[in-house]
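**Q** Mind having a look at this structure? Questions to follow.
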Amino acid sequence: MTPSSSPPQSPSFIRHIAYLQVIGIILVVFGHSFHEYPAADASGGSQLLVYRMMYSFRMPVFMFVSGYLMLYTSFLRHTHPSSGFGFIITKLRRLMLPFLFLTIVTFIPRSLFSTMADDHIALDPQSFLRSLFYPEHMVIPYFWFLQASFTLLVFCHTFILLGRRVRISHGLLLAMLLLLAVLLLVLPFSPTSFFSFHHVCRLAVYFVIGMIYCRYSAAIDTLLRPASPITLLISAALWATLFLTAQTIPAIMPLCSVAGISMCLSLARIMDVRGITILQPLIGANYIIFLLSWYFNVASQQILHHHIDMPWWTFTILSFTTGILIPWLIYRLLLRTRTAPLTRITAHLLGQSLRSPK
């Protein structure tokens, strides 16, 4: 590995990726907080300009970070990567165990209160089984991301592991994965939604781009200087231009998403380099916020609004605030009581590490 292609090893390297994760989860919870927007077509806030602007890059950011961290933690940080079986077990515990646990404990209440929701979930075994494999039937709708991430993590890890065994270079392996991801994105076929495979096809390219950036981050950073405010402004202008153009030419939306990733990455690097610590308290809590924020979004927007008459935007503010703050408080409580048996069981079921973030 040449110095120009090695990922940085300093604490700031870890911190700016952590900031990028926090930026992503803030955008996700904010996007989930427009449910009560009074749209005539019952689409809620999904037709708002601010929502569509965030949607153009918020999940690509998450996939970018997932690909980055997979390559770094599994292959670049350690001389000997974990076995394929060990990696799969780790990801089952981290991703699929929380998915299964929260689906089970939420299924019955979600079915009983379906009249308050946008869609009905029947209280029967068939409905429960569908909720485990098809995102359109999930109890917590945005948990499709866990399935899509699991598929990409396991496939790409196995692909690189096998490629290394036959002595194929990292660069060639990443090029092959990028070609496959682009083909999944552009080929004219209708992928099944089973285990969120259609989302895998849509987002795989950003996962692989994250891996490529991890592998060649030093060279790319030298060329693009992401910690520069000028780079941030250029990325933001490019993203905005591509977003507006994509309204009439949808085919360029992936380029818009890449520009959005670059914009968020540049912002994270600037915060890191300049010591801007406003997001520091949320580092480490992004995953538990993702897992639990749905409950507080629903409580604010689909339960409380049945009993209290307030303008729609007040429910948005309440949903966003509680969706971030309460899961963060739960995370801090888990860290504070990390030695308690009940805490350990809870953290295990939520796929949560009890190590304090650096």
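**Q** Could you order peptides 63-73, 92-102, 301-311, 217-227 by the average number of other Cβ atoms within 10 Å of their residues, highest first?
**A** Working: 63-73: 23.6, 92-102: 17.6, 301-311: 12.8, 217-227: 15.7.
By packing density, highest mean first, the sequence is 63-73, 92-102, 217-227, 301-311.
**Q** Further question: Between S83 and I108, what is the label-to-label distance in nm when each label sits 7 Å out along the Cα-to-Cβ direction?
**A** Inter-label distance under the simple model: 3.9 nm.
**Q** Moving to a separate point now. Roughly how many percent of the accessible protein surface of the stretch 285-345 is carbon and sulfur, given a 1.4 Å probe and a whole-percent answer?
**A** Details: 2340 of 3240 Å².
So the carbon and sulfur contribution to the accessible surface is 72 percent.
**Q** Starting from the Cα gyration tensor of the stretch 174-298, take the square roots of the eigenvalues, sort them a ≥ b ≥ c, and report rounded, prolate or oblate (rounded when a/c is under 1.5, otherwise prolate if a/b is larger than b/c, else oblate). Don't skip to the end; give the middle numbers.
**A** Values: a/c = 1.61, a/b = 1.20, b/c = 1.34.
Oblate, since a/c reaches 1.5 and b/c is not below a/b.
**Q** Report the charge-dipole magnitude of the chain in Debye, nearest 20, computed about the Cα centre from +1 at each Lys and Arg Cβ and -1 at each Asp and Glu Cβ.
**A** Values: 23 positive and 9 negative charges, 319 e Å.
Roughly 1540 debye, rounded to the nearest 20.
**Q** Leaving out ligands and nucleic acids, and using a 1.4 Å probe, what accessible area per residue does the chain come to in Å²?
**A** Working: 17610 Å² over 358 residues.
Here the per-residue accessible area is 49 Å².
**Q** Please state the shape class of the stretch 261-358: rounded when a/c is under 1.5, otherwise prolate if a/b exceeds b/c and oblate if not, all from the C-alpha gyration tensor. Kindly include the intermediate steps, with their values, before the conclusion.
**A** On the way: a/c = 2.61, a/b = 1.16, b/c = 2.26.
Oblate.
**Q** Would you kindly state how much longer the chain becomes between A122 and A218 on full extension, computed as 0.36 nm times their sequence separation minus their alpha carbon distance, in nm to one decimal? All intermediate terms of the calculation are to be shown ahead of the outcome.
**A** Working: separation 96, 0.36 × 96 = 34.56 nm, distance 5.20 nm.
Gain in length upon complete extension: 29.4 nm.
**Q** Order the following by accessible area, largest value first: E136, E36. Probe radius 1.4 Å; ligands, DNA and RNA are ignored.
**A** Details: E136 100, E36 35 Å².
Sorted descending by solvent-accessible area, the residues read E136, E36.
**Q** Could the peptides 176-187, 249-260, 140-151 be put in order, highest first, of the mean number of other beta-carbon atoms found within 10 Å of their residues? Spell out each step's value before the answer.
**A** Working: 176-187: 15.2, 249-260: 17.9, 140-151: 20.9.
Going from most to least packed, we get 140-151, 249-260, 176-187.
**Q** Provide the packing ranking of 17-24, 347-354, 293-300, 274-281, i.e. peptides ordered by the mean count of other C-beta atoms within 10 Å per residue, highest first.
**A** The peptides rank, most packed first, as 17-24, 293-300, 347-354, 274-281.
**Q** Now for a different question. For all pairs of alpha-carbon atoms in the stretch 133-248, what percent lies in each bin of width 5 Å, listed from the first bin to the last filled one?
**A** With 5 Å bins starting at 0, P(r) equals 2, 10, 14, 16, 17, 17, 13, 7, 3, 0.
**Q** Normalised by the number of residues in the chain, what is the relative contact order in percent for Cα pairs under 8 Å and 6+ residues apart?
**A** Values: 425 pairs, mean separation 100.3, N = 358.
Across the chain, relative contact order equals 28 percent.
**Q** Turning to a different aspect of this structure: Using just the Cα positions, wrap the chain in a convex hull and report its mean projected area in square nanometres, one decimal place. Please report the intermediate quantities before stating the final value.
**A** On the way: hull surface 78.0 nm².
Here the figure is 19.5 nm², rounded to one decimal.
**Q** Loop-only check: which trypsin sites (Lys or Arg not before Pro) in the stretch 139-193 are DSSP coil with at most 15 other Cβ within 10 angstrom? The partial results should precede the final answer.
**A** Details: sites: R164, R165, R167; in loops: R167.
Those satisfying the criteria are R167.
The values are calculated or read from the model by the stated rules, or taken from the named source; none is laboratory data. Treat the numbers as computed from the prediction; the structure is a model and nothing was measured. As a convention, Cβ positions derive from the backbone with ideal geometry for all residues, glycine included, and neighbour counts pool all protein chains shown. Only protein heavy atoms, including side chains, enter the accessible area calculation; ligands, DNA and RNA are left aside. Shrake-Rupley method; radii C 1.70, N 1.55, O 1.52, S 1.80 Å.
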